[in-house]
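One structure below.
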Amino acid sequence: MMNHQVLAQLLLHLDGRSYKAYQEIRGRYQFPDFELSVDHVQGDPFAAPSRLRVLLPQTVAAFPAQTYQTRSREIALRDYLTRQFGQAAASLCESRDSDNRGSGHSGLIAIAPTGQQVLERTAVFVTSEQVEARFVVGLPARGRQILGRAAATLLCDDLPQIVEQALKYISLDATDLQRHIEMVEDADWLRQQLPAKGLVAFIPNGAVLPRHSGISDQPLAIAFDGSAKPHPEILTELQTEPSPVVAIPFQSPATLQIEFNRPNQGSIKGMGIPTGITLIVGGGYHGKSTLLRAIALGIYNHIPGDGREQVVSHPTATKIRAEDGRSVTGVDISPFISHLPQGRSTKHFSTENASGSTSQASNVMEALEAGATVLLIDEDTSATNFMIRDRRMQALIAKAQEPITPLIDKIQQIYQDCGVSTVLVMGGSGDYFDVAHTIIAMTDYRPQAVTAQAKAIAAQYATARIPEGGTQFGTLTPRVPVALSLSSQGATAKLKVRAVNELILGTEIVDLAAIDQLVEAGQVRAIGAAIAYLERHYLNGITPLSAILTHIESDIATAGIDILTPYPQGDLVRFRALDLAAAFNRLRSLSVKKPETFSNVKPTSTRC
Ligand code: ADP
Ligand code: MG
């Protein structure tokens, strides 16, 4: 390994030469405190920046074992260090006059971007031996000429400074770090308690659920005194608009309140949402969707100050929505849809252009196939004819003329036969009063337990609906995926992630906009890599999708996310098997075998 002074000299020596000469700096360099590994050098200043790693021994980084000794703490610490590195790099880049740095990405130092969620990313790793940070650097150039002096400053002065500030325990605010770690550990602990308490989600008192805006995931401001009424000072401070926008903190109704004693931060009280069927009702604009959204993101932990730090939900909770236009491949949607016009099969339903109801039915069936045990459904994003069919419509349009069995006739069976709970936002129809176990009314952003009242109303005003769901939910038919057309595009199809809602695999653009529990582009990148990995290792025309997902989960659990890519990358983020399945199911090149043509696998349709 070469010395860091060799690197500095080499860079000065490269000054003025053509950009390609930067390739010479690939390799490893020993700095006083750390090792720098230059893994990939960009081809020109406008190309994707170069990939580098810093390896800092624990003898120097000096993180106490307690900061990473459990899995929760390790992920929290890695998340924290990624944020520290990102901030240090950003403020350093800002403080420089960027014009002097040259063209393209010249002068950039950046690590994976972070949002409100604490996630397992490949940007930073911590072990008892070392801290590793993976980041990108835009090697400086003017036009296509190497700016060697600027490069030497960047790598030999700036970078050590960032490492000093962001990756050494002694430089960090120990209290702030400890809070981050304990908050995450407590949230993981709370999530683990849910099944034993018969809950699917927990929302603590005082939580701030609304976000700053439709395009920002930051919390909506809260009155300083924590009261529901906006503080007078806030009114003037926040905005001059007539109606102040201030968050009303969450407060559980007494009957749904539960208390936990967390390992780090002790007692916490809040609303527990029980297993079974929970209906969230209330007037428009009273906070129903905001509550459901917080539950949907309760599969993740959040950073301190987010407002949703201790909002937790079952790890398999899955948002289900209508998604007309999506492609569906070989899904058995017969529990919900039968006798389509033109005699189309619904036991093996495929379409390039699903309708609102068939897409929502497919989304439910695919979620069950992928292991969801909690479904989250919002009327705002549902197909009305999938949700309800009232007495009058039953009288006018005979069952024989209506392919859809609405969710209202299946929701109890999903729970009884499949053991899958549903949390449903529905302000528009009281028909669901009959089938819900728990009914919560949102009034002025405050939840109230109204189960008894709603049940009394249901008894008083019978809907006179004729149940159409039969006696059982129906069958969950496994699917066996066969080769994707991606394989025809070379060993590994080119992967591009434009945003969190779009994945490009080779020539195929996969629309992920409806999978709104994906929060970071790195998850989408990792999912893309996982699809390529899945194709290489498990797409054998024999293994059912659900088993493939289990294999991938366990491969990642043993070998880490790095197993998905040919070389270590710093821009991958852990995803759920459920969300991988969701992306996979949206591939338009997907083909699956019909159950009848299974060769080695018994065509077991599990009755739910
Ligand atoms: P609904 O689904 O009942 O129609 P939403 O959940 O969409 O209502 O919320 C309507 C508006 O109220 C949104 O702008 C949201 O950010 C805001 N909001 C939601 N919860 C709160 C709260 N606890 N405090 C303040 N504003 C809130
Ligand atoms: Mg709504």
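Could you check the spin-label model distance between GLU164 and SER216? Points 7 Å from the Cα along Cα→Cβ, value in nm.
3.4
Using 18 Å as the cut-off for backbone N distance, which residues of segment 2-20 belong to the label zone defined by a point 7 Å from the Cα of ARG149 along Cα→Cβ?
Of the residues in segment 2-20, 8-18 have backbone N under 18 Å from the label point off ARG149.
To the nearest 10 Å², what's LYS20's accessible area with a 1.4 Å probe?
150
My understanding is that a pair violates if its Cα-Cα distance is over 21 Å; which of LYS197/LYS288; LYS319/LYS399; LYS197/LYS269; LYS319/LYS410; LYS347/LYS593; LYS20/LYS494 do that in this structure?
LYS197/LYS288; LYS319/LYS399; LYS20/LYS494
Which distance in nm do the two modelled labels at ASP444 and ALA499 give, with both placed 7 Å along the Cα-to-Cβ direction?
3.7
Set the Förster distance to 41 Å, then compute FRET efficiency between PHE46 and ILE563 from the Cβ-Cβ distance, nearest 0.05.
0.85
Considering only protein heavy atoms, what per residue accessible area in square angstrom results for the chain with a 1.4 angstrom probe?
42
Label THR471 and ALA456 with points 7 Å out from Cα along Cα→Cβ: what is the distance between them in nm?
3.6
Would you mind telling me the antiparallel percentage of the DSSP bridges in the chain, rounded to 5?
75
Run the numbers for ALA254 and ILE509: contour at 0.36 nm per residue of separation, minus the present Cα-Cα distance, in nm.
87.0 nm
Would you mind checking which residues have amide H under 5 Å from LEU199's amide H? H placed 1.01 Å from N; only 5 or more apart, or other chain.
THR275
Shape of segment 494-571 from its Cα gyration tensor (a ≥ b ≥ c, root eigenvalues): rounded if a/c is under 1.5, otherwise prolate when a/b > b/c, or oblate?
Taking the square roots of the gyration eigenvalues as a ≥ b ≥ c, segment 494-571 is prolate.
Which of the listed residues, GLN30, GLN416, GLN569, is farthest toward the dipole's positive end in the chain, when Lys, Arg count +1 and Asp, Glu count -1 at the beta-carbon?
Towards the positive end, the residue furthest out is GLN416.
The values are calculated or read from the model by the stated rules, or taken from the named source; none is laboratory data. Just so you know, these numbers come straight off a predicted model, no measurement behind them. Note that each Cβ is placed from the backbone with ideal geometry, even for glycine, and that neighbours are counted across all protein chains shown. For the accessible areas, the whole protein counts, side chains as well, though only heavy atoms, and no ligand, DNA or RNA atoms are used. Shrake-Rupley method; radii C 1.70, N 1.55, O 1.52, S 1.80 Å.
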